[in-house]
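Below: one structure, written as C-alpha cells.
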2 protein chains.
Amino acid sequence: MTDKELRVSKIRDGTVIDHVTAGQALNVLAILGIDGSGGESVSIGMNVPSDKVGYKDVVKVEGRELSQSEVDVLSLIAPEATINIIRDFEVAEKNRVEQTDTVRGILVCPNHNCITNADEPVRTEFEVLGDGVRCAYCDTIIREGDVAEHIDARGSGETAL
Amino acid sequence: MTDKELRVSKIRDGTVIDHVTAGQALNVLAILGIDGSGGESVSIGMNVPSDKVGYKDVVKVEGRELSQSEVDVLSLIAPEATINIIRDFEVAEKNRVEQTDTVRGILVCPNHNCITNADEPVRTEFEVLGDGVRCAYCDTIIREGDVAEHIDARGSGETAL
C-alpha cells in the first residue's frame, strides 16, 4: 500500500492500533480515556477498506506508547486489533491484544442497584467470560455484543491477569 | 502543504469539515449523528498543527454531502469551521458554518424536571443566545462552554432560522 492510499498518514512516534473491528474506533478512544481534551494528536480512520478483513478502523495516537495492560482491555471490543509501537516512523514493537481475565474501572454495571452505582468509593470489576463479562459484585452479566454500550466514557481503567 | 504532511488523506467525494476547534472532533461526530455504526467511511484528525489557528481538528466524511442546515448546528461548538464539499478530489463548494437562531433535537436539557425529559413526545428546542442557549420550554440556560456536555449522543437533529 502506498502512502497516497493511506487514509490516515504515518506518525513519527506513538502507537498505531490497527485492524480494529469496523465501527469501534470511538469505543477504543473511550476505553483509552482519549477525547481530544488532553491535547493528544490523534488520527482515526473508520470503515477503511482492508485486504485482510473487509473493513476496519485504525487509531493512531502520537507521542504516547500504550502499555500491554492498556491495550488488553481492547480485547473486549476489538479482539483482532494489532498494536504497533512507532519510533522515528519505524515499527519498533508489534503486539496483539490479549484476552484479559478481569476488567477494572472501564465498564459501568447495568444493574442500578449494584453497589458500584451507589455513590460509594467502589470501582467496577468484571470477570471476563467466553461470551461476555460478569460483575464481581452483583453477578450481572453483560453479553459480548452489549459491552460497548456500557463503557464508562469518563475515565480509563486497568486490567489484571 | 504537501500530501505527505496531511494527517488525514484526501477523499474522492464527500465533506471536509476543517478548522474545527481543537478537541471538538468527537462532538462534531455526535452532532452529526455519526458513530461508525452506519458504515460511513470517516477520517478524523485531532489536535493537528495549523498555520492559521495553532491547533485544530479535521473531520472528513466520505460519500456524504452535508447540507447547510446540518453544518450550522456545528456553530455551537466549532464557530470557525469551514465546510468543503468534495467531488472527484476537487473542492466543489466552500462554505462556513453560520450562527443559528434555534437548535432542535440536538441538545438535552439539564433540567431533569423539564417536559423534554419526561418521556413525552416533545423534542428539545433551544434559543441561541450570544453566550449560550436557552431551553424554549423551561428557560434553563446552558452556557457556551458547557454546550458540548449536553449533546444528545443518540441522534441527529436540525436547525431552524
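The values are calculated or read from the model by the stated rules, or taken from the named source; none is laboratory data. All of these numbers come straight from a predicted model, not from anything done at the bench. Note that each Cβ is placed from the backbone with ideal geometry, even for glycine, and that neighbours are counted across all protein chains shown. When the accessible area is computed, the model is the full protein with side chains, heavy atoms only, and any ligands, DNA or RNA have been set aside. Shrake-Rupley method; radii C 1.70, N 1.55, O 1.52, S 1.80 Å.
Counting only C-alpha contacts under 8 Å and six or more residues apart, can you give the relative contact order of the stretch A:37-142 as a whole percent?
15
Taking A:LYS56 as the anchor, which aspartates and glutamates have their alpha carbon closer than 16 Å to its alpha carbon, excluding any fewer than eight residues away along the same chain?
Answer for A:LYS56, where 16 Å is the Cα cut-off: A:GLU5, A:ASP18, A:GLU80, B:ASP35, B:GLU40, B:GLU62, listed by chain and number.
With a bin width of 10 angstrom, please list the P(r) values of chain A as percents of all Cα-Cα pairs, from the 0 bin to the one holding the largest distance.
So the P(r) values, bin by bin, are 11, 39, 33, 14, 4, 0.
So the label point sits 7 Å from Cα along the Cα-to-Cβ vector; using that for B:ARG143, what distances do you get to the other copies, in nanometres, sorted shortest first?
Label-point distances to the other copies, shortest first: 4.4 nm.
I need the calculated FRET efficiency for the pair B:GLU98 and B:ARG123, taking r as the beta carbon distance and R₀ as 22 Å, to the nearest 0.05.
So the FRET efficiency works out to roughly 0.50.
Taking the full set of protein chains and a 1.4 angstrom probe, give the accessible area of B:ILE151 in square angstrom, rounded to the nearest 10.
Rounded to the nearest 10, the figure is 20 Å².
Can you give the FRET efficiency for A:ARG12 and B:LYS52, using 1/(1 + (r/R0)^6), R0 = 30 Å, r = Cβ-Cβ distance, to the nearest 0.05?
0.85
Which of the trypsin sites (Lys or Arg not before Pro) across the stretch A:46-79 are loop residues per DSSP, with 13 or fewer other Cβ within 10 Å?
Loop-located and lightly packed - A:LYS52.
Can you list the distances in nanometres, one decimal and ascending, from the A:ASP88 label point to the identical position in each other copy, with the point 7 Å along Cα to Cβ?
Nearest first, the other copies' label points are 4.5 nm away.
Given H placed on each backbone N at 1.01 Å, which residues far from B:ARG96 in sequence or on other chains put an amide H within less than 5 Å of it?
Here B:ILE83 satisfy the definition.
Would you calculate the separation in nanometres between label points at A:SER67 and B:GLU80, each defined as 7 Å from the Cα along the Cα-to-beta-carbon direction?
The answer from the label model is 3.7 nm.
How well do other chains shield peptide A:20-27, expressed as the mean number of their Cβ atoms within 10 Å of each residue Cβ?
Average per residue, whole number: 4.
Measuring from centroid to centroid over Cα atoms, what is the spacing of the stretch B:125-146 and the stretch B:26-66 in Å?
Comparing the Cα centres of the stretch B:125-146 and the stretch B:26-66, I get a distance of 25 Å.
Amide H to amide H under 5 Å from B:THR140: which residues, 5+ apart in sequence or cross-chain, H placed 1.01 Å off N in plane?
B:CYS135
Carbon and sulfur together cover what percent of the accessible area of the stretch B:102-150 at a 1.4 Å probe radius?
That share works out to 41 percent.
Ballpark to the nearest 100 Å², how much total accessible area do B and A bury together, probe 1.4 Å?
1700
Would you kindly find the accessible area of B:ASP35, with a 1.4 Å probe and non-protein molecules such as ligands, DNA and RNA excluded, rounding to the nearest 10 Å²?
Only protein atoms counted, so the area is about 80 Å².
May I ask you to evaluate 6.51 cos²θ - 1.76 cosθ + 1.60, the Karplus curve with θ = phi - 60°, for each residue of the stretch B:133-150 and list the ³J(HN,Hα) values in order in whole Hz, giving x for glycine and proline?
My calculation for the stretch B:133-150 gives 9, 10, 4, 6, 9, 10, 6, 5, 9, 9, 5, 3, x, 9, 4, 4, 6, 10 Hz in order.
Could you size up the charge dipole of the protein assembly as shown around its Cα centre, putting +1 on the beta carbon of Lys and Arg and -1 on that of Asp and Glu, and report it in debye to the nearest 20?
680
For A:SER69, which inter-copy label distances result when the label point lies 7 Å beyond Cα on the Cα-to-Cβ vector, reported in nm to one decimal and in ascending order?
5.2
How shielded is B:44-51 by partner chains, expressed as the average number of their Cβ atoms within 10 Å of its Cβ atoms?
Mean partner-chain Cβ count within 10 Å for B:44-51: 6.
Which chain B residue sits with its beta carbon nearest the axis carrying B onto A, and how many Å away is it, rounded to a whole number?
Per the B/A rotation axis, the closest residue of B reads B:ILE44, 2.
Using a ≥ b ≥ c from the Cα gyration tensor of the protein assembly as shown (square roots of the eigenvalues), is it rounded, prolate or oblate, where a/c under 1.5 gives rounded and otherwise the larger of a/b and b/c decides, a/b for prolate?
Oblate shape, in that a/c is at least 1.5 and b/c is the bigger or equal ratio.
Give me the 1.4 Å probe accessible area per residue for chain A, excluding ligands and nucleic acids, in Å².
Computed with neighbouring chains in place, this is 51 Å² per residue.
Check which residues have an amide H placed less than 5 Å from A:GLY132's amide H, if you skip close sequence neighbours.
When sequence neighbours closer than 5 places are left aside, the close amide H contacts are A:GLU144.
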